[in-house]
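The values are calculated or read from the model by the stated rules, or taken from the named source; none is laboratory data. Everything quoted here is computed from the prediction, not taken from an experiment. Counting neighbours? That spans all protein chains shown, and the Cβs are built from the backbone with ideal geometry, glycine included.
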Amino acid sequence: MESEWDEDYIEKMAEACGKGELPGSYGVDETRRLMLALEKMHLKDASVLVIGSERPWVEACALSQGARKVTTLEYGEIISRHPQVHTLTPAQMRANPQLFLEAFDAIVTFSSVEHSGLGRYGDAMNPWGDRQAVARAWCMTKKQGRLTLAVPWCNSRDSIAYNAHRT
């Protein structure tokens, strides 16, 4: 997967997000719930890491909350034409880990880490992939950093829908 995000596309989403009108990938109600969490994170002038994104709706919401810089970590290559939104792959991050130690004020991931370690996106099979993805991101976060983590859940028990996701 390779995609391109242009500045106007992201800015229109940020504006809609700020108005509470952005459907994002899961509908307006889920975007509004994300915005409630982002408001509590105090993102003004923050550097934010977004884990997993095929469309920049989470990035746009972070920008609408005043984030200074948003970096998206995604398995597929993405080209961002927005000056505040940068993208990289896990391979690029692993090639220069010292550049990212304590680089972020906050981490946001919405329906992404539950896919880690299941091979769906070309990643290595790893039963602890979701936990390791969050742990690695935490190592890149400044002291007193903040995390918003949204994953599917059910009231019964943990499960894996091979190789789609964990619940």
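Kindly provide the set of residues from the range 114-167 that are part of a strand (DSSP E or B), surrounded by fewer than 18 Cβ atoms within 10 Å (Cβ to Cβ) and at pLDDT below 80, ordered by number.
Result: I160, A161.
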* Asked: What tally of residues in the range 32-73 results from selecting those that are surrounded by fewer than 20 Cβ atoms within 10 Å (Cβ to Cβ), aliphatic (A, V, I, L, M) and within 13 Å of G18 (Cα to Cα)?
  -> 2
* Which residue, of L22, L49, L38, L34, is touching a Ser or Thr at 6+ places or on another chain (Cβ under 8 Å), modelled with pLDDT of 90 or more, among the aliphatic types (A, V, I, L, M) and part of a strand (DSSP E or B)? -> L49
* Asked: Among the residues of the range 80-97, is there at least one that is of a type in the set (G, A, S), modelled with pLDDT of 80 or more and touching a Phe, Trp or Tyr at 6+ places or on another chain (Cβ under 7 Å)?
  -> yes
* Asked: Taking the range 52-85, which residues are among the hydrophobic types (A, V, I, L, M, F, W, C), assigned to a strand (DSSP E or B) and touching a helix residue (DSSP H, G or I) at 6+ places or on another chain (Cβ under 9 Å)?
  -> V70, L73, V85
* To do: Please determine, by comparing only the residues of the range 74-93 that are exposed (fewer than 11 other Cβ atoms within 10 Å of the Cβ) and either out of contact with any strand residue (DSSP E or B) (no Cβ under 6 Å at 6 or more places or on another chain) or acidic (D, E) (or both), which one is farthest from Y9 (Cα to Cα).
  => A91
* Return the pairs, sorted by first residue and then second, in which the second residue is in a loop (DSSP other than H, G, I, E, B) and surrounded by fewer than 22 Cβ atoms within 10 Å (Cβ to Cβ), the first residue lies in the range 98-109 and is free of Cβ contacts under 8 Å to residues at least 60 places away in the same chain, the beta carbons are less than 7 Å apart, and the residues are 6+ apart or on different chains. => F100/M140; L101/M140; E102/M140; A103/M140; F104/M140; T109/G52
